[in-house]
Structure formats: structure tokens, C-alpha cells
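A short write-up of the structure that comes next.
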Amino acid sequence: MINLTNISKRHGRQILFVETSLQLNRGEKIGLVGPNGAGKSTVFRLIVGEEGPDEGTVSVPRRTTIGYFRQDISEMAGRSVLDETIAGSGDLGELHHELADLEAAMADPEKADEMERILARFGEVLELYQGRGGYELEARAREVLAGLGFDEDQVGADTAALSGGWKMRIGIARVLLARPEVLLMDEPTNHLDIESILWLEKFIRDYPGAVLLTCHDKDFMNRIVGRIIDIDGGEFISYTGDYDNFVRQRAVAEANREASYARQQAMLAKERRFVERFASHVAKAAQVQSRVKKLEKIEKIEPPRRRKVVEFKFRDPPRSGDDVVELSGVTKAYGAWAIYDGFSLKIRRTERWCVLGRNGAGKTTLLKLVAGSLAPDAGTVRLGANLKVGYFAQQSLEQLNPSDTVYDHLQQAFPSEGRGVLRNLLGAFQFCGDDIDKPIRILSGGEKSRLVLAEMLFDPPNFLILDEPTNHLDLETKEMLVDSLADFAGTMLFVSHDRTFLRGLSNRVLELRPGDDETPARPPLVYEGTYSEFVTGAGGDAAGVHR
């Protein structure tokens, strides 16, 4: 259906692809993986024609409809969430709004002289709109927006009041509503809570069109894709199956390459020793020449490329008291909206609490109350003895000095540490080579997140408060972080929509259960067990989703 054939592409001095090919077949669902900077987003731009290859061809059949969700969403203001979604959903959305404009024109007495033309155009547009199922469009838009977490009040609200994360959801809704033959999805789960992720999983799994996506959520990939294409050293390497199967196949392939390389290196060394030993022996001259020619003709196996996350051993935090935090009768409201009403919770040393609940349930509010950046309206939040608190929030990124480089920032934070130690720390968070000299002002949100986490965990606190720490982290870095924190001797309170992170770290669950139009609010649920145990007991795909 879509073919990238023998393409080569470079950005400046960086070579992305070298004479490599990729094929996306009708109805196929493919996960596109590779390290940061490998060229995943460039593949999308090549397919939609925003960039061209330096060599090779990109073939897309004529009249193929393509929907492309990307991270850089354009400005939104002046329309409701519903209208913005419909307007950006392709040709049918344009017809929808043209009909609305024509209906307004028909009711305008100042346009009486143009009425014949307006009525003729209205008839044309109406026929096209009805033929393409236009009268189902608003209902489908509401269904998609509800699946992505919008409530009825938000659907009618102006998009100007929304955060960047909610605007990202509108971007996803537009693409899904258009029902293109090919879906290109660049990190669609970054700004979704678990319930919305599960809804999107089902939508894409049942979607009849072809799907090519990048995603740092391993569970999401495993439930959707039937093939993985790995960008490795400028090549597209295809693996059949889901992400877990790809990891196993890649490990086997790497082991086989290493064994083949080692065998060839041993054979070459043996032949070279023979040549060196008998080069001056007349009687062996013919054999020496024969082996020299043999060595010249052998196709050399390239040393295996190793994609390895730098390992870093984080220090142990100082010991805190046994009682870490106690919330007693906490009440917090925003206007008439009560988030907490007489809420109490006790957190003890070495407990790792994950906080679950749909968007707007009060997860971030709870973390702010505990961290001291927000005061309760009533009740108390009391911290225990000998606490060293580390609080990761999106606001942490705004406190970075934009004129510092990545390395300068850490060097100022830890002036007594050697360059090698700090480079190794940065390498563990995917800042390699020249990346350490990047000014902070040009870093992406994900890169800033990694830098803040690196600083926090190098000299770790004994109480970690983490609000969505895995956003934008690639799979390898995320797994490094989970492995490192698995041995963390302190206490944790965190919010995350990443199930690998939740499964790997939690030993306590707090589920916030606010009401909605259909169900009344219930008190928060405290579960003294792991996330995995909680999910099993809930009988759903993930905590917070009860069907």
C-alpha cells in the first residue's frame, strides 16, 4: 500500500537512513521503534510528503487518505472542543462547517440578492454531506471525545482555556474522526490517563485501516501491533509479532551476529598467523599467496552494533522516620468543586503508593498537598522526621536556566563530582556525545524531564513524589528507571499512566473515585497490595476501569 524503497536521508551531518526499504500493507498495524533521533518522526513526514528522501522513492497510492497525529499541535482558540474536533477531521468536517455557514447565510436578510447561489450551493453540500454519513459526524465526535476523557462541559467549552495536554487529545480525536485509510500516530499515549489509553487501544485494535505508530508504552504496543520495524543503524529491520516478541527476536539476532563475528574473527586471525609465520618460507610461498587471496575475497562481517542503555548505580538515600506523611481530615475545593472532603491517609517508610483515577480526580492535587506546594482548605498534612523530599512535577522543568548547557546544569548542582561520573549519569538518561553541550533552551519537554530526573536521583531523597515521571521517556530509559528504583530504599508517592512503571514499583494503591453524570462520588479506595494484585482483584484491564 505504502512503500519506501531504497531511501537514504540525512539531516545535516546526521545520517538517518541508508538505502533501506519499508512497506505498510492494507489493514496492517506496525510499531515503529528505535532510539531517540533515529528518524521515526522523519518516516511519518516522508509518507505525508512534508519531506523528501535524498535518494530512493516514497510511493503512496493516489487518493489514499492519511491521518497524521503529531506532537506539535497548532494553536486552538475561538471554537468549542466539539467544533474544533469536527473542523480538523478532514473533508467531512469542512462540509459540516460549510453547511453551518450556508444555513447562517440563508437566514441573513442582507444576503437576499445572493439567495439563489446560496441555495444551490447548500443543496450540493447537503447531498455530499448526507452521502458520506455526515449526520452521524457529531455523534461520532462526541463518542471519540468521551473516550479520550472529555466530559460534556468540556465538549462545549472554548479550546483557548485548555492545557497543552488536552489540546493533544483534540489532535488525536480529529485524526480518529476522519477515519482515514492510513493512521500515522506519533506517541499518542503521552497525555492520556489509563482509562483513555485503554479506550484508544480498543479503537485502534478494531480499526479497519492500516496503522503505523510510535509509542513508549510497551503494553499499548503489545495489544495492537502485529509487526515491529526497528530503525537500527540506518536500516529498517522488520520483526513479526508484538513488542515483547521483537525484544526476544532482536536478542537472538544480536547473539547470532556476535557469534558469527567471533567465529570469523578467529578464522581471520588463524589465517593471518599462518601468512605471517610462513611469509619468508619459499616452500610455503604458494600456500601463503593462496591464503592472502582468500583473505582479500572474504566478505567481512561488521562488528555487531550494541544498543545499550548506560547503567548507573544510584546512591542509597538517608533513612527517614517510620511515619512519612499523615493527612488528617483534608478538604480541598476549587470553587464549588470539592476534590477532597475530610480525606485521611497515612504513608509509612518504604511504602510505594501509586495514585490512580481519571483526569480531574485530584491526583496532582494530592501530590501538591503532600509536597507543600498547595495548602488544604481544612485539615492537616504532617510530614515525618528526617525527611528529604524530592518532588518531580511539570513545573520543575520551568525552573531550569535556559542559558545553561545540560552538563553545566549538573556540574553546578554537584561541583565536587568528576566529569566522568556526571557524563555517565547523563548517559543513563540518554544524553550522549554532543548532547551534553546542548543549551537547555533548545531541549524538548522530554529531554528536560530526563535532566530533572537525573539531578534528583543522583543524590536521591528518601521520599520521592513523582507526577507522571515517564512522559516522553523511551522504552529503554523507562526500564532503566524502573530497575533502578526497584532497589530504592526510601518511600514513594507517584502518579503514572505507564503500566510498566506501575507494575514494577507500587506496593500500595490509592484509587480516587469522583463522581460523574452517571455515578455518584465514592470515597477514595486504599488497597494494601501491588498494582498488579489490585488489577487482578478489580477484574479489569487496568485499575480505575471497571466494566
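The values are calculated or read from the model by the stated rules, or taken from the named source; none is laboratory data. Just so we're clear, the structure is a prediction, and the values are computed from it rather than from any experiment. Positions of Cβ are generated from backbone atoms using ideal geometry, with glycine treated the same way; all protein chains shown enter the neighbour counts.
If we scan segment 241-262, do we find a residue that is among the polar types (S, T, N, Q) and in contact (Cβ under 8 Å) with a residue 60 or more places away in the chain? Scanning segment 241-262, I find no residue that is among the polar types (S, T, N, Q) and in contact (Cβ under 8 Å) with a residue 60 or more places away in the chain, so the answer is no. Restricting segment 302-318 to residues that are surrounded by 13 or more Cβ atoms within 10 Å (Cβ to Cβ) and at pLDDT below 80, the residue that is nearest to Lys478 (Cα to Cα) is Val309. Summed over segment 107-133, residues that are touching a Leu at 6+ places or on another chain (Cβ under 7 Å) and either part of a helix (DSSP H, G or I) or over 15 Å from Gly93 (Cα atoms) (or both) total 7. Filtering segment 236-278 to residues that are more than 30 Å from Asp219 (Cβ to Cβ) and either loosely packed, with under 12 Cβ neighbours inside 10 Å or among the basic types (Lys, Arg) (or both) leaves Ala259, Arg263, Ala266, Ala269, Lys270, Arg272, Arg273, Glu276, Arg277. Listed conditions (1) at pLDDT 85 or above; (2) surrounded by 12 or more Cβ atoms within 10 Å (Cβ to Cβ); (3) over 30 Å from Asp230 (Cβ atoms) are all met by Ala285, apart from (1). Restricting attention to segment 359-390, the residues that are surrounded by fewer than 20 Cβ atoms within 10 Å (Cβ to Cβ), among the charged types (D, E, K, R) and farther than 18 Å from Pro460 by Cβ add up to 3. Answer yes or no as to whether Ser449 is under 30 Å from Ser320 (Cβ atoms), of a type in the set (Ser, Thr, Tyr) and not in a loop (DSSP other than H, G, I, E, B). So Ser449 fits the description; yes. Contact annotation: residue pairs with Cβ atoms under 7 Å, 6 or more positions apart or on different chains, pairing a residue in segment 147-166 that is not assigned by TED's automatic domain parsing to the domain that holds Asp193 and of a type in the set (Ser, Thr, Tyr) with a partner that is surrounded by 14 or more Cβ atoms within 10 Å (Cβ to Cβ) and assigned to a helix (DSSP H, G or I), are Thr159/Val81; Thr159/Glu84; Thr159/Lys167; Thr159/Ile170. In this structure, Gln23 does satisfy being modelled with pLDDT of 90 or more and in the same structural domain as Gly233 (by TED's automatic domain parsing).
Residues of segment 115-146 that are in contact with a Lys or Arg (Cβ under 9 Å, 6 or more places away or on another chain) and exposed (fewer than 15 other Cβ atoms within 10 Å of the Cβ): Gly133 alone. Among the listed residues Glu103, Glu94, Glu84, which satisfies the condition of being part of a helix (DSSP H, G or I) and touching a Ser or Thr at 6+ places or on another chain (Cβ under 7 Å)? Just one listed residue meets the conditions, Glu84. For segment 149-157, does any single residue satisfy the condition of being buried (at least 16 other Cβ atoms within 10 Å of the Cβ) and of a type in the set (D, E, K, R)? No - not one qualifying residue is present in segment 149-157. The residue pairs whose first member lies in segment 98-116 and is farther than 23 Å from Gln130 by Cβ, whose second member is modelled with pLDDT of 80 or more and of a type outside the set (D, E, K, R), and whose beta carbons are closer than 6 Å, counting only pairs six or more residues apart or on different chains, are Lys111/Ala105.
Quick check, is Val155 over 30 Å from Met1 (Cβ atoms) and β-branched (Val, Ile, Thr)?
Numbers: over 30 Å from Met1 (Cβ atoms): yes; β-branched (Val, Ile, Thr): yes.
So Val155 fits the description; yes.
Look at segment 340-358: where a residue is assigned by TED's automatic domain parsing to the domain that holds Arg503 and a partner is acidic (Asp, Glu) and not in a strand (DSSP E or B), sitting 6+ places away or on another chain with Cβ atoms under 7 Å, you get Arg348/Asp322; Arg349/Asp322; Arg358/Asp193; Arg358/Glu195.
With respect to (1) out of contact with any helix residue (DSSP H, G or I) (no Cβ under 7 Å at 6 or more places or on another chain); (2) of a type outside the set (A, V, I, L, M); (3) assigned to a loop (DSSP other than H, G, I, E, B); (4) surrounded by 17 or more Cβ atoms within 10 Å (Cβ to Cβ), the lone exception for Ser41 is condition (3).
When segment 485-498 is filtered for residues that are at pLDDT below 90 and either among the charged types (D, E, K, R) or surrounded by 17 or more Cβ atoms within 10 Å (Cβ to Cβ) (or both), the ones remaining, listed by number, are Leu485, Asp487, Phe488, His497, Asp498. If the condition is being in contact with a Pro (Cβ under 7 Å, 6 or more places away or on another chain), assigned to a strand (DSSP E or B) and under 25 Å from Gln395 (Cα atoms), then segment 319-365 contributes Val330, Thr331, Lys332.
State which residue is surrounded by the most Cβ atoms within 10 Å (Cβ to Cβ) when the search covers only segment 426-484 and only residues that are basic (Lys, Arg) and under 21 Å from the mean Cα position of the chain (by Cα). Please lay out each step first, then the result.
As a first pass, look at segment 426-484 and keep what is basic (Lys, Arg): 438, 441, 448, 450, 478.
With under 21 Å from the mean Cα position of the chain (by Cα) added as a condition, the list becomes 448, 450, 478.
Working: Lys448: 20, Arg450: 25, Lys478: 21.
Residue satisfying both the conditions and the ranking: Arg450.
Count of segment 485-522 residues, restricted to those that are within 19 Å of the chain's Cα centre (by Cα), outside any helix (DSSP H, G or I) and under 25 Å from Lys388 (Cα atoms), is 3.
Among the residues here, Ile194 qualifies as in the same structural domain as Val43 (by TED's automatic domain parsing), surrounded by 20 or more Cβ atoms within 10 Å (Cβ to Cβ), closer than 26 Å to Gly362 by Cβ and among the hydrophobic types (A, V, I, L, M, F, W, C).
If you go through segment 444-470 and pick out every residue that is charged (D, E, K, R) and over 21 Å from Thr500 (Cα atoms), you end up with 3.
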